[in-house]
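Engineer: Questions regarding the structure given below will be posed in turn.
The values are calculated or read from the model by the stated rules, or taken from the named source; none is laboratory data. The structure displayed is predicted, hence computed values, not measured ones. Glycine also receives a Cβ, built like all others from the backbone with ideal geometry; neighbour counts cover every protein chain displayed.
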Amino acid sequence: MGIIRTTYEIITEESAAEGDVAESGYLDEEGTEYDVGEAIYLLEGCEPSASFFHVGIWYTMYGEQDSHTGEYENVSYHLSRGERSSEKEPHALTSGWTEEEERRIYEGVTRKGVRECVSVSDNDERLQ
């Protein structure tokens, strides 16, 4: 089991012209814990950040253009390798993915990526 953190970026016509994003940040900075099967299900349809496996790949669902605002919103999912949990417990690590688990997720996502990625932001009022 491991943690998946979720980020977003909003691209406007103006920000694209400057080669940047208009807004970005975390949708779920602390992350949510998943097992390998749940992670594959969550990430199916997302595009990996690389065409070959390596530790640290993230997965992005590229949004379609909003017909009202002209903006695009992309949502990315980041597999956590484990981090220091707090200053009080500097040697304790949060739950992280092993290299083997990350590889299994990558293989599952790239082999089955046929449906839309489930976004944890679906219930985020800011994005409605």
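Engineer: Counting only residues that are basic (Lys, Arg), over 23 Å from Glu9 (Cβ atoms) and loosely packed, with under 11 Cβ neighbours inside 10 Å, which one in the range 71-123 is modelled with the lowest pLDDT?
Structural biologist: Top of the filtered list is Lys88.
Engineer: Sticking with this one: When the range 36-46 is examined, which residues are found to be modelled with pLDDT of 95 or more and acidic (Asp, Glu)?
Structural biologist: If the condition is that a residue be modelled with pLDDT of 95 or more and acidic (Asp, Glu), then Glu38 is the only one that fits.
Engineer: Just to check your reading of the model, which residue among Glu18, Glu29 is exposed (fewer than 13 other Cβ atoms within 10 Å of the Cβ), over 13 Å from the mean Cα position of the chain (by Cα) and more than 16 Å from Glu102 (Cβ to Cβ)?
Structural biologist: Criteria check complete, one pass: Glu18.
Engineer: Looking only at the range 44-62, count how many residues are in contact with a Leu (Cβ under 9 Å, 6 or more places away or on another chain) and of a type outside the set (Val, Ile, Thr).
Structural biologist: 4
Engineer: Okay, moving on. Test Gly2 against the stated conditions and say whether it is surrounded by 19 or more Cβ atoms within 10 Å (Cβ to Cβ) and either modelled with pLDDT under 95 or of a type outside the set (Val, Ile, Thr) (or both).
Structural biologist: Yes: the conditions hold for Gly2.
Engineer: Suppose the filter is more than 17 Å from Trp97 (Cα to Cα) and buried (at least 17 other Cβ atoms within 10 Å of the Cβ); does Glu64 pass it?
Structural biologist: Considered against the rule, which asks whether it is more than 17 Å from Trp97 (Cα to Cα) and buried (at least 17 other Cβ atoms within 10 Å of the Cβ), Glu64 comes out as no.
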